[in-house]
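Undergrad: Okay, handing you the structure first.
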Amino acid sequence: MRGDRGASSGLLQLCHYLQDPGKVARFQRHCGVLSSGSPGLQLNGDCGNTYPGQDAGNRGAGDGPRHRARQPNGTGNGTAPALPGEEKRKVQQRRNSLTGETGQEFHVTNPFLYYLFSFGTELGNELFYISFFPFWIWNVDAYVGRRLFVVWVWVMYLGQCTKDLIRWPRPASPPVVKLEVFYNSEYSMPSTHAMSGTAIPLSLLLLTYGRWQYSFVLGLLLAVCWCSLVCLSRVYMGMHSILDVIAGFLYAIIILVVFHPALEIIDTFNLTYKYAPLIIISLHLALGIFSFTLDTWSTSRGDTAQILGSGAGIACGSHVNYMLGLLLDPSQDTLPFTPSINVILLGKAMLRFLIGVVVLLMIRAVMKKISIPLACKIFGIPCDDVRKARQRMEVELPYRYITYGVVGFGAMFIVPYLFTWVGLL
């Protein structure tokens with residue numbers, strides 16, 4: 001019994017250690033992120049930062065009192081003077097269009113790391129998803145793209161639901177500098193960026209190795225670099241504790257272990273079963289309704305609807321493709337594929353990508369213009385302030401689900417059909 005209690009106590013202490021926002025703040029400072037006029041902090045040895053009037057046991061529980069302290073050099077703590085030869089760049093993050101929140105100003109003394117980790121965090125944002133998945137489906141391998149999207153939907157859905165069940169706050173600021181504001185209203189545990197940044201590259205490796213000819217070591221190295229960049233970027237941005245990132249990584253591994261063996265069954269059902277579209281739409285709607293139990297508004301609810309809608313659209317588009325004979329999978333006799341790139345193939349791929357993304361963005365814009373006013377009219381919600389209207393569940397859920405469902409269907413069927421029509425496929 002004593003051994004079990006000791007192990008539990010040790011695990012709990014480790015979790016508290018990894019969740020300490022002081023560790024995040026220290027990592028940011030090592031990477032050259034300095035707050036502009038950050039509220040006063042006192043470094044407390046190796047135990048992280050504490051706020052005036054807050055004991056060590058309460059660290060990370062909230063944002064803490066916002067008092068300003070002065071250091072001996074007269075500089076507000078958190079605003080460190082530049083070292084000789086160090087370049088300071090004052091940066092203010094973009095405004096969140098959904099909440100109106102604007103990021104705090106901060107200084108960057110290492111621009112390379114700032115742009116590197118900014119790129120890493122974009123690997124888990126909408127712009128990347130709306131570019132990466134269609135490119136893979138249109139230009140590389142639709143077979144892999146379909147199954148990869150199934151993995152992404154389940155990973156992101158389970159991650160978002162888990163966040164709303166655990167309801168842990170983001171790392172406290174101060175001491176952490178928040179470099180990003182868009183997802184600041186969401187809960188923190190686990191990091192869905194870390195989950196997608198783990199699941200996508202590892203799934204790509206599992207789905208393509210043996211189907212395409214390439215070095216396994218090179219593929220594994222790329223997957224590790226991708227995963228590491230995304231995970232570290234969330235700590236750098238001040239959006240997650242180290243514990244959030246580790247939990248997201250492990251959670252994604254568990255989901256992959258469970259779902260990867262079932263991908264063949266799921267994909268075959270989506271393609272061949274007569275009533276697959278009806279079941280797919282009903283299942284995704286049911287999952288959405290089951291998960292939308294937020295205590296306060298956050299971007300989580302809309303993102304979950306967006307994920308489920310995209311998944312339903314891709315699956316339904318795959319079914320229609322199969323029935324009409326578009327994007328058919330090659331015969332197993334032709335495997336493994338040998339990657340070959342020439343000017344003509346590269347030119348066609350770029351042309352397909354540019355035309356396809358423009359079409360998808362047009363579809364998204366049109367569906368937003370239609371679905372938001374329509375939902376407002378149906379549920380009797382004023383549409384004068386679009387931002388407030390979009391935060392209402394009656395508007396947010398149908399507009400996100402329908403809009404991104406049509407975008408997913410467009411990526412899988414409408415755009416490939418267009419390519420066939422103009423001779424680009």
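Undergrad: Can you give the log10 of the normalised intensity I(q)/I(0) at q = 0.15, 0.16 Å⁻¹, computed with Debye over equal Cα scatterers of the stretch 120-422?
TA: -1.30, -1.46
Undergrad: Order of 237, 189 from fewest to most other C-beta atoms within 10 Å?
TA: The fewest-first ordering by Cβ neighbours comes to 189, 237.
Undergrad: A follow-up question, please. Quick check: from the Cα gyration tensor, does the stretch 177-222 come out rounded (a/c under 1.5), prolate or oblate? Please report the intermediate quantities before stating the final value.
TA: Numbers: a/c = 4.37, a/b = 3.03, b/c = 1.44.
Prolate, because a/c is 1.5 or more and a/b exceeds b/c.
Undergrad: While we're looking at this one, here's another question. Using a simple spin-label model with points 7 Å from Cα along the Cα→Cβ vector, what separation in nm is obtained for residue 324 and residue 418?
TA: 1.3
Undergrad: Can you give the FRET efficiency to the nearest 0.05 for residue 377 and residue 128, using r as the Cβ-Cβ distance and R₀ = 35 Å?
TA: 0.55
Undergrad: Could you tell me what a quarter of the Cα convex hull surface of the stretch 312-352 works out to, in nm² with one decimal place?
TA: Numbers: hull surface 17.5 nm².
Value for the stretch 312-352: 4.4 nm².
Undergrad: Compute the length gained on full extension between residue 286 and residue 105: take 0.36 nm times their separation in residues and subtract their Cα-Cα distance, giving the result in nm to one decimal.
TA: Length gained, residue 286 through residue 105: 61.0 nm.
Undergrad: What order do you get for 221-229, 242-250 when each peptide is scored by the mean count of other beta carbon atoms within 10 Å, highest first?
TA: In descending order of packing, they fall as 242-250, 221-229.
Undergrad: Could you tell me which of the pairs 23/163; 274/348; 163/388 are separated by over 28 angstrom between their Cα atoms in the structure shown?
TA: In this structure, 274/348 exceed 28 Å between Cα atoms.
Any read-out appearing in this document is the output of simple, stated calculations on the displayed coordinates, not a laboratory observation. Nothing here was measured: the structure is a model prediction, and the numbers come from that model. Cβ atoms come from the backbone with ideal geometry, glycine included; neighbour counts cover every protein chain shown.
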